[in-house]
Amino acid sequence: MDDLDAFREETRRWLVANAPPSMRKPLAAGEDYCWGGRKGRWPADVARWLAAMAERGWTAPTWPREYGGGGLSEEEGKVLAQEMAKLGVRPPLVGFGLTMIGPLLLHVGSEQQKRRHLPPIAHGEIRWCQGYSEPGAGSDLAGLQTRAVRDGDVFVVTGQKVWTSFADKADWMFLLVRTDPDAPKHAGITFLLMDMASPGVTVRPIKLISGASPFCETFITDVRVPVENVVGHVNEGWGIAKMLLRFERNMIADAFKERDDAARLLALARRYLPADDGRVGQPIVRDQITQLEMDQACFDWTLARSRARVKAGHPPGPETSIFKYYGTELNQRRRDLAVRIAGPQALGWEGEGFADDEVKLTRDWLRSRGNSIEGGTSEVQLNIIAKRVLGLPD
Ligand SMILES: Cc1cc2nc3c(=O)[nH]c(=O)nc-3n(C[C@H](O)[C@H](O)[C@H](O)COP(=O)(O)OP(=O)(O)OC[C@H]3O[C@@H](n4cnc5c(N)ncnc54)[C@H](O)[C@@H]3O)c2cc1C
């Protein structure tokens with residue numbers, strides 16, 4: 001038995017012994033993964049599972065141990081993910097700390113920033129949000145107007161961010177600010193880390209068509225942010241911002257699919273379109289499900305290759321726009337198909353006549369509309385693919 005096989009054995013044994021049975025089930029309606037943070041309240045099993053995994057550093061398995069990670073090699077990290085998938089174990093922690101700002105700081109953060117911010121992320125103690133978009137700056141992100149003026153060893157920040165996912169639940173924000181209003185627009189931007197508890201930060205949730213309020217307006221008035229919270233260099237934040245967007249797009253491409261989506265779609269088709277022999281009644285739906293799952297499998301493998309490169313220390317490149325674009329399309333196809341299979345039963349909102357899982361179909365379908373906007377719209381991804389990946393002329 002080689003080292004990796006031994007690691008697999010030991011990992012499986014540990015997972016079986018330590019994962020509470022409730023953490024080995026798919027999320028039920030109304031349940032969510034653990035996002036950590038000071039403001040979060042989690043059921044006892046969720047908290048127990050987080051604590052057990054965090055103690056081993058397995059919330060961030062391939063991060064170095066000194067920053068709260070597990071210090072696993074890329075191969076060991078893959079084995080852990082495989083064994084968790086085989087046992088149906090939920091991730092102990094999710095969030096923008098693990099998928100966006102953490103990986104960014106590992107690449108370009110100062111030693112002091114890594115030591116201060118990475119362990120609380122890995123332990124689920126601090127939750128992060130992203131302050132990029134503004135009322136006048138979405139696709140044209142470099143047009144952002146939030147100002148930061150130097151005053152000794154702090155920046156005084158004033159402006160407004162919008163569509164800030166989970167700002168009301170986050171403890172810290174990473175944000176883009178304009179530090180040189182006279183420089184060309186891409187040149188005068190700085191990447192900052194801001195404590196949401198700072199005086200002058202006000203958050204207002206925005207209610208969506210789905211009924212939820214997953215994002216907010218964030219008002220920032222004369223907030224004092226220490227200069228040591230600049231990531232990289234003053235006025236050189238645009239390059240950092242783009243690197244983070246690549247981490248984000250990788251994460252978004254990967255995040256939509258739930259582990260047992262394929263089984264769920266099939267079960268749905270058997271439930272609403274049954275045939276006497278136990279198969280799905282409509283051949284055209286059988287075809288559509290098969291095509292979707294084949295496309296998903298190819299996409300998963302491509303994504304896994306790219307993820308392996310990132311874990312090996314290469315920051316993701318502009319090709320992440322392909323993943324973001326295609327992952328979005330796959331997810332929207334999946335949600336559309338689910339709604340078509342369930343027919344009128346997937347048009348419920350609340351009240352009698354609709355089961356909880358039917359209402360979830362409606363809400364998931366509505367939520368998936370946002371996938372082609374968040375993290376940069378599909379049109380913007382196509383522009384990036386054309387220019388930066390294919391090298392096409394303007
Ligand atoms: C669910 C969700 C979560 C989000 N979370 C966050 C968050 O946490 N933090 C954050 O900072 N932001 C967040 N956003 C905001 C998101 O990044 C912006 O909505 C997005 O970048 C688009 O910007 P906009 O809404 O201003 O649209 P606009 O930029 O005004 O675009 C409007 C339309 O014009 C098109 N368009 C614009 N420019 C071009 C072009 N050059 N070529 C072709 N078409 C173009 C766009 O594709 C779009 O269809 C979130 C958005 C959603 C939907």
Next item on the list: For region 1-100, please list each of the helices (runs of 4 or more DSSP H) lying entirely inside it that holds at least 2 residues being under 28 Å from D168 (Cα atoms).
Entry: 44-56
Next item on the list: Mind counting the residues in region 316-334 that are of a type in the set (D, E, K, R) and either touching a strand residue (DSSP E or B) at 6+ places or on another chain (Cβ under 7 Å) or surrounded by 20 or more Cβ atoms within 10 Å (Cβ to Cβ) (or both)?
Entry: 2
Margin query: Step by step: first the residues of region 81-112, then only those that are farther than 23 Å from R127 by Cβ and either in the same structural domain as S165 (by TED's automatic domain parsing) or hydrophobic (A, V, I, L, M, F, W, C) (or both), then the one that is farthest from the ligand (Cβ to nearest atom). Which residue is that?
Written below: L87
Check: Does V203 satisfy being closer than 25 Å to G370 by Cβ, buried (at least 16 other Cβ atoms within 10 Å of the Cβ) and within 24 Å of the chain's Cα centre (by Cα)?
Finding: yes
Notebook entry, point to check: Is there a residue in region 148-155 that is in a strand (DSSP E or B), within 20 Å of G200 (Cβ to Cβ) and within 14 Å of the ligand (Cβ to nearest atom)?
Noted result: no
Notebook entry, point to check: Of (1) surrounded by 21 or more Cβ atoms within 10 Å (Cβ to Cβ); (2) of a type outside the set (D, E, K, R); (3) on the phi > 0 side of the Ramachandran plot, G313 satisfies all except one. Which?
Noted result: (1)
Item checked: Answer residue from region 331-366, given it is touching a Phe, Trp or Tyr at 6+ places or on another chain (Cβ under 6 Å) and away from the ligand (no atom under 16 Å from the Cβ) and is farthest from G30 (Cα to Cα) among those -> I341
Margin query: Give me the residue from region 379-394 that is surrounded by fewer than 17 Cβ atoms within 10 Å (Cβ to Cβ) and closer than 25 Å to W163 by Cα and, out of that set, farthest from the ligand (Cβ to nearest atom).
Written below: L382
Margin query: Any residue at all in region 64-71 that's over 21 Å from E125 (Cα atoms) and among the hydroxyl-bearing types (S, T, Y)?
Written below: no
Check: What tally of residues in region 29-48 results from selecting those that are within 20 Å of the chain's Cα centre (by Cα) and either under 16 Å from V89 (Cα atoms) or modelled with pLDDT of 95 or more (or both)?
Finding: 10
Notebook entry, point to check: Conditions: (1) surrounded by fewer than 15 Cβ atoms within 10 Å (Cβ to Cβ); (2) more than 16 Å from the ligand (Cβ to nearest atom). R369 meets all but one. Number of the miss?
Noted result: (2)
Check: Taking region 125-136 as the search range and keeping residues that are more than 7 Å from the ligand (Cβ to nearest atom) and buried (at least 16 other Cβ atoms within 10 Å of the Cβ), which one is farthest from G97 (Cα to Cα)?
Finding: E134
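The values are calculated or read from the model by the stated rules, or taken from the named source; none is laboratory data. Keep in mind the model is a prediction, meaning the values are calculated, not measured. Methodologically, a virtual Cβ is constructed for each residue, glycine included, from the backbone with ideal geometry; neighbour enumeration extends over all protein chains shown.
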